[in-house]
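Working notes, beginning with the structure itself.
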Amino acid sequence: MPHAPPPNPHTLSIAPMMDWTDRHFRYLMRQVSRKVRLYTEMVVDRALIHGDRARLLAFHPEEHPLALQIGSSDPDLAFEAARIGVAWGYDEINLNVGCPSNRVQEGGFGACLMADPERVREITRAMREAAPVVTVKHRIGIDHLDEYRHLARFVETVAETGVTVFIVHARKAWLQGLSPKENRAVPPLRYGEVYRLKQDFPELTIVLNGGVRTLDAAMAHLEHTDGVMIGRAAYETPWAWAGADQQVFGLDRAPSRREVVMAMLPYIEARLMEGVPLRRIARHLLNLFKGAPGGRRFRRVLSEGLLDPTAGPELVQRALEAIPDAVLDERPGKAVAAR
Ligand SMILES: Cc1cc2nc3c(=O)[nH]c(=O)nc-3n(C[C@H](O)[C@H](O)[C@H](O)COP(=O)(O)O)c2cc1C
């Protein structure tokens, strides 16, 4: 196992992902790791200010450490959004400077802000007046502003406000011609530029994001950066991160999937009482046994059962019957061979 530096609050985190990292998935990941830092889906400043705050912001106390990601292009609105986030108890307010979707571009925020570091400086300056921990998630470049010197100037400019944590998706985004999904796959990963940022700005906390699929890969990046943020691989293979508390954070904790699911059951009961449909929570369990014996059957029983709107938590129990005890009780590091 490669040597990793002592953990800091950003050593390992789960990326903000629209539609995926809702509070229910975050609660699942909190059962997988006590220490991993969690991020909300992006919430647009105006939605936060004028919208249904309880729906947008409510979370379970166990989710800490928890960051709220906002989308904003306006210092006054960003200040207000950050203030609301802090009042709700978020540990960090993160600004999205990485999303290339058309809708986000029309709002003048997301990745297109990389072309205007001074504006991001003003936005984050305002956010810092409201929030003690403000961070920025961005790309290594956009369109033709994709040389290292552009990236370094962006970071240097924004850091003038006292922002010290930069989460860098290690690929550029093309603002025209590629869908958001293609922008997460087509532009090549350029990890070297993220490593170089850390060398050039040793006093900043540089978190690498993009294409990290295993704990071992994350540990290898931690030799060059302060942190690693995991996106799709957290959603698609949540169990791959179960060794994190032990390997990354040095805790004496290695959960089993039985423990994780058992913790989800009372959580599901409590949310159902509040009127949350089961499928909104249980859909996040579909990948929990991916690749394990019985995993396909678990997924099928659960996904078919969720079509029935009257299904309750016993559906999860029924799906679990597909999984052998050895798999349910397996702890990270000791794999049970797939049949
Ligand atoms: C379904 C989906 C939704 C996403 N939504 C957001 C978002 O709201 N804010 C954001 O900054 N990035 C968003 N991203 C990008 C991820 O945070 C991450 O930067 C990207 O997926 C690269 O990391 P990965 O290769 O580990 O997935 C999203 C990605 C996916 C797959």
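Contact map, the stretch 312-326: first residue farther than 15 Å from I268 by Cα, second residue modelled with pLDDT under 95, Cβ cut-off under 6 Å, separation 6 or more or different chains; pairs are A326/V336.
When D143 is tested against the conditions (1) among the acidic types (D, E); (2) away from the ligand (no atom under 16 Å from the Cβ); (3) touching a residue at least 40 places away in the same chain (Cβ under 8 Å), the lone failure is (3).
In this entry, V261 passes the filter for residues that are more than 20 Å from the chain's Cα centre (by Cα), among the β-branched types (V, I, T) and surrounded by 16 or more Cβ atoms within 10 Å (Cβ to Cβ). For the stretch 302-328, a residue qualifies if it is farther than 22 Å from W20 by Cβ and assigned to a helix (DSSP H, G or I), and the qualifying residues are E314, Q317, R318, L320, D325, A326, V327, L328. Scanning the stretch 192-218 for residues that are under 21 Å from the mean Cα position of the chain (by Cα) and crowded, with 20+ Cβ neighbours inside 10 Å gives V194, I206, V207, L208, N209, G210, V212, L215, A218. Every condition in (1) touching a His at 6+ places or on another chain (Cβ under 6 Å); (2) farther than 26 Å from H60 by Cα is met by I323 except one, and the failing one is (1).
Results for (1) in the same structural domain as L208 (by TED's automatic domain parsing); (2) out of contact with any strand residue (DSSP E or B) (no Cβ under 6 Å at 6 or more places or on another chain), shown as yes or no for each residue.
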position	(1), (2)
T225	yes, no
M229	yes, no
G243	yes, yes
M262	no, yes
E269	no, yes
L272	no, yes
V276	no, yes
L285	no, yes
G291	no, yes
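Condition check: of a type in the set (D, E, K, R), away from the ligand (no atom under 16 Å from the Cβ) and touching a residue at least 24 places away in the same chain (Cβ under 8 Å). Does E274 satisfy that? No. Scanning the stretch 118-139 for residues that are part of a helix (DSSP H, G or I) and surrounded by fewer than 21 Cβ atoms within 10 Å (Cβ to Cβ) yields E118, R119, R121, E122, R125, R128, E129, A130. Filtered by the rule that a residue be of a type in the set (D, E, K, R) and outside any helix (DSSP H, G or I), the stretch 87-117 gives D91, E92, D116.
Just give me the residues in the stretch 43-82 being surrounded by 14 or more Cβ atoms within 10 Å (Cβ to Cβ) and of a type in the set (G, A, S), in sequence order. Residues satisfying the conditions are A47, A67, G71, S72, S73, A78, A81, A82. Would you mind stating whether D226 is farther than 30 Å from V261 by Cα, crowded, with 17+ Cβ neighbours inside 10 Å, among the acidic types (D, E) and in contact with a Ser or Thr (Cβ under 7 Å, 6 or more places away or on another chain)? Spelling it out, D226 is indeed farther than 30 Å from V261 by Cα, crowded, with 17+ Cβ neighbours inside 10 Å, among the acidic types (D, E) and in contact with a Ser or Thr (Cβ under 7 Å, 6 or more places away or on another chain).
Scan the stretch 67-75 and tell me whether some residue there is touching a residue at least 60 places away in the same chain (Cβ under 8 Å) and more than 29 Å from Y267 (Cα to Cα).
no
If you go through the stretch 211-234 and keep only what is near the ligand (Cβ under 8 Å from one of its atoms) and free of Cβ contacts under 8 Å to residues at least 24 places away in the same chain, you end up with V212, A233. Looking at the stretch 91-98, can you tell me whether even one residue there is more than 16 Å from the ligand (Cβ to nearest atom), assigned by TED's automatic domain parsing to the domain that holds R23 and either out of contact with any strand residue (DSSP E or B) (no Cβ under 7 Å at 6 or more places or on another chain) or in contact (Cβ under 8 Å) with a residue 12 or more places away in the chain (or both)? Checked the stretch 91-98: at least one residue is more than 16 Å from the ligand (Cβ to nearest atom), assigned by TED's automatic domain parsing to the domain that holds R23 and either out of contact with any strand residue (DSSP E or B) (no Cβ under 7 Å at 6 or more places or on another chain) or in contact (Cβ under 8 Å) with a residue 12 or more places away in the chain (or both).
Going residue by residue through the stretch 201-215, is there one that turns out to be modelled with pLDDT of 95 or more, more than 30 Å from H144 (Cα to Cα) and in the same structural domain as K35 (by TED's automatic domain parsing)? Yes: the stretch 201-215 contains one or more residues that are modelled with pLDDT of 95 or more, more than 30 Å from H144 (Cα to Cα) and in the same structural domain as K35 (by TED's automatic domain parsing).
For L189, are the conditions met, namely being crowded, with 18+ Cβ neighbours inside 10 Å and within 16 Å of the ligand (Cβ to nearest atom)? When the stated conditions are applied, L189 does not pass them.
The values are calculated or read from the model by the stated rules, or taken from the named source; none is laboratory data. All figures in this text were calculated on a predicted structure; none of them were measured in a lab. Ideal geometry is used to build each Cβ from the backbone, glycine not excepted, and the neighbour counts take in all protein chains shown.
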